[in-house]
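Structure record follows, encoded as structure tokens.
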Amino acid sequence: GGYMQSPGGFGSPAGTQAEKKQRIRSQNIVPCTVSQLLAAEQVDETFRICDVEISQVTIMGIIRHAEKAPTNILYKVDDMTAAPMDVRQWVDTDEAGGENVVVPPGTYVKVAGHLRSFQNKKSLVAFKIMPLENMNEFTTHILEIVNAHMILRKNLMSASRAPQSFSSGGISDVGGYGGGGSLPVNGLTAHQSQVLNLIKNCPVPEGMSLQELKLQLHNMSMSTIKQAVEFLSSEGHIYSTVDDDHYKSTDAE
Amino acid sequence: MGDVHEVPRPRIATAHLAQHIGQPVCFVGRVEKIHPTGKLFVLSDGEGKHTTVELSEPLDEEISGVLEVVGRVTNQATIMCMSYVQFREDKSPFDLELYNEALKIIHEFPEYFPFS
């Protein structure tokens with residue numbers, strides 16, 4: 001799968017009205033409906049769904065049609081949200097024994113690929129087509145679509161205004177674009193969020209010191225706090241002031 | 001059989017039939033009973049509510065388990081079936097109740113799951 005790029009790079013210290021509309025550059029692989037892909041707007045080389053940039057996507061649907069050509073297989077994949085979408089899979093003609101197996105119509109598949117547009121017609125170039133063995137994955141995919149688009153859009157909105165807390169309505173652990181283990185929402189773990197919030201709310205000009213943080217965060221060890229501070233600093237959420245023990249938030253008013 | 005597959009078909013449960021009279025829909029449910037003529041069968045959704053599905057030609061195969069039906073809602077709030085697919089359950093059973101929960105989510109957030 002892909003990985004979620006933290007929105008931290010957008011906390012520029014300037015943060016003023018001169019800021020243009022910012023957008024999250026997507027290095028994710030985003031689960032989508034066919035209807036979303038058809039509605040995506042193309043500007044130069046990039047596609048956007050409601051300002052969220054997309055490139056690599058996954059869709060899930062049923063194969064309605066499969067046509068084999070010498071260099072590629074053209075499928076039509078239907079997920080009920082629109083007309084079936086053209087999905088092209090290039091065939092490796094050098095492969096000994098040569099036959100790429102064509103997935104038969106009537107099969108539910110998960111497709112991972114790149115969105116393309118040619119003469120105003122959208123299609124996908126698939127790098128992976130997998131028949132579903134467990135239809136519950138389909139239910140999960142539906143939920144992942146809502147979750148992904150909700151989080152991606154909310155990240156956009158909070159990156160372009162003075163953000164409050166980073167909590168979003170989305171479910172935090174989603175496979176495919178999350179990365180492993182305990183997936184942070186918006187790129188921050190619970191510890192990092194707590195540290196950031198304290199630093200943000202500190203009114204003192206020289207910012208918050210590590211000692212202050214330790215006093216307020218009884219449950220966190222100093223090394224956990226330092227790790228959080230290091231991460232937040234490298235992501236651009238905070239910066240050191242008078243010395244390496246004092247930090248201010250880049251988003252503070 | 002062609003045209004209904006070229007347009008958006010909202011995924012619905014039995015409770016939503018009345019709101020989609022005359023429209024193409026996609027319904028997933030478990031086979032409860034099949035009429036002896038083979039031209040009618042009943043599916044239950046994730047809430048246990050029943051929907052009647054009609055066919056223009058009698059069934060030419062056994063159906064059982066979970067079916068996904070594409071068709072148009074009739075004035076009597078049944079579904080005139082254009083095509084159906086059986087969900088494979090050979091490796092794992094399909095959790096229809098969870099699917100119903102997912103339907104609630106996509107109905108609540110149509111901006112994140114549009115049916116064109």
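The values are calculated or read from the model by the stated rules, or taken from the named source; none is laboratory data. Because the structure is predicted, anything quoted here is derived from the model rather than measured. For neighbour counting, all protein chains shown are included, and Cβ atoms are generated from backbone atoms with ideal geometry for every residue, glycine included.
Observations on the model:
- Any hit, the stretch A:58-80, residues being under 12 Å from A:Cys32 (Cα atoms) and modelled with pLDDT under 95: no
- Taking first residues from the stretch B:65-85 that are of a type outside the set (A, V, I, L, M) and partners that are surrounded by fewer than 18 Cβ atoms within 10 Å (Cβ to Cβ) and assigned to a loop (DSSP other than H, G, I, E, B), the Cβ contacts under 7 Å between residues at least 6 apart in sequence or on separate chains come to B:Gly65/B:Glu89; B:Arg72/B:Gly22; B:Arg72/B:Gln23; B:Ser83/B:Met1.
- Considering the stretch B:60-89, and only residues there that are assigned to a loop (DSSP other than H, G, I, E, B) and at the interface with chain A (Cβ under 8 Å from one of its Cβ atoms), the residue that is surrounded by the most Cβ atoms within 10 Å (Cβ to Cβ) turns out to be B:Phe87.
- Any hit, the stretch B:1-11, residues being away from every other protein chain (no Cβ under 14 Å), surrounded by 17 or more Cβ atoms within 10 Å (Cβ to Cβ) and assigned to a loop (DSSP other than H, G, I, E, B): no
- Test for B:Glu57: is it out of contact with any strand residue (DSSP E or B) (no Cβ under 6 Å at 6 or more places or on another chain) and within 14 Å of chain A (Cβ to nearest Cβ): no
- Condition check for B:Thr37: part of a loop (DSSP other than H, G, I, E, B), surrounded by fewer than 21 Cβ atoms within 10 Å (Cβ to Cβ) and either more than 13 Å from chain A (Cβ to nearest Cβ) or touching a His at 6+ places or on another chain (Cβ under 8 Å) (or both): yes
- Residue list for the stretch B:90-101, restricted to those being of a type in the set (S, T, N, Q) and outside any loop (DSSP other than H, G, I, E, B): B:Asn100
- Residue-level analysis places A:Val195 among those that are modelled with pLDDT under 90 and either buried (at least 18 other Cβ atoms within 10 Å of the Cβ) or within 14 Å of chain B (Cβ to nearest Cβ) (or both).
- Hits in the stretch A:1-56 - residues which are modelled with pLDDT of 85 or more, within 9 Å of the chain's Cα centre (by Cα) and away from every other protein chain (no Cβ under 14 Å): A:Ile29
- Of the listed requirements (1) at pLDDT below 95; (2) surrounded by fewer than 17 Cβ atoms within 10 Å (Cβ to Cβ); (3) touching a strand residue (DSSP E or B) at 6+ places or on another chain (Cβ under 9 Å); (4) not acidic (Asp, Glu), A:Pro105 misses just one: (1).
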